[in-house]
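Following: one structure in structure tokens, then a few remarks.
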Amino acid sequence: MNILFLNGPNLNLLGTREPKVYGRATLADIEAKVRTRAARLKVGIDFRQSNLEGELVGWIQQAKGKSDVIVINAAAYTHTSIALRDAIAAVGIPTIEIHLSNVHAREEFRQKSLIAPVCCGQISGFGEKSYILALEASVDVKVFKRRH
Ligand code: DQA
């Protein structure tokens, strides 16, 4: 099984970016924890970050036939990007939306996700643990898909 982790704009600044909201872990710290857990689960990981919407769209398109599940923290594009939503819908790969912070407890503009309707589910508010929870959910996504 292969899981593609995609990270959107400004997540390269984790560690120093608003630590009260996003914690002190860097994206590299989070990636290392995901890889350790994935090795135990015998799952392959591709872990990427981009500040560019089009690059994220390209990676989603290229995942067809390669990745079994996409885990995406689309960051600010969550709330704005019809292009990301359409890419997720187009490839048909089970996708899990994640956030470090609880977007529903923050500003009103963060409470709307354009990608949520085309994702299997959303994990929001558990800090870096959101990534591990999504990895564990990914392993069960095939079962989840069959049930729906
Ligand atoms: C975020 C929440 C988004 O609203 C924000 O734009 C981010 C990070 C999170 O992980 O909590 O950049 O996706």
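Listed by position, the strands (runs of 3 or more DSSP E) contained in the stretch 60-137 that have at least 2 residues being of a type outside the set (Val, Ile, Thr) and modelled with pLDDT of 95 or more are 95-99, 121-124.
Taking each residue of the stretch 113-141 that is among the hydroxyl-bearing types (Ser, Thr, Tyr) and looking for partners that are in a loop (DSSP other than H, G, I, E, B) and within 12 Å of the ligand (Cβ to nearest atom) with beta-carbon atoms closer than 8 Å, six or more apart or interchain, yields Ser124/Ser101; Ser124/Asn102; Ser130/Leu100. Name the one entry in Thr95, Thr80 that is among the polar types (S, T, N, Q), more than 13 Å from the chain's Cα centre (by Cα) and either within 16 Å of the ligand (Cβ to nearest atom) or closer than 22 Å to Arg17 by Cα (or both). None of the others qualify; the one that does is Thr80.
For the stretch 87-103, a residue qualifies if it is in contact with a Gly (Cβ under 8 Å, 6 or more places away or on another chain) and farther than 21 Å from Glu53 by Cβ, and exactly one does: Asn102.
Looking at this structure, is Ala105 of a type in the set (A, V, I, L, M) and open to solvent by 50 Å² or more (accessible area, probe 1.4 Å)? In short, yes. When we screen Leu6, Leu56 for residues that are within 17 Å of His99 (Cα to Cα), part of a helix (DSSP H, G or I) and open to solvent by less than 40 Å² (accessible area, probe 1.4 Å), the only hit is Leu56.
Which of the residues spanning the stretch 9-50 are part of a loop (DSSP other than H, G, I, E, B), over 12 Å from Leu100 (Cβ atoms), within 15 Å of the ligand (Cβ to nearest atom) and in contact with a helix residue (DSSP H, G or I) (Cβ under 7 Å, 6 or more places away or on another chain)? The answer is Pro9, Ser50.
The values are calculated or read from the model by the stated rules, or taken from the named source; none is laboratory data. For clarity, every value in this text was computed on a predicted model and none was experimentally measured. Don't worry about glycine lacking a Cβ; one is built from the backbone with ideal geometry, like all the others, and counts go over all protein chains shown. To get the accessible areas, we keep the full protein, side chains included, count just its heavy atoms, and leave off ligands, DNA and RNA. Shrake-Rupley method; radii C 1.70, N 1.55, O 1.52, S 1.80 Å.
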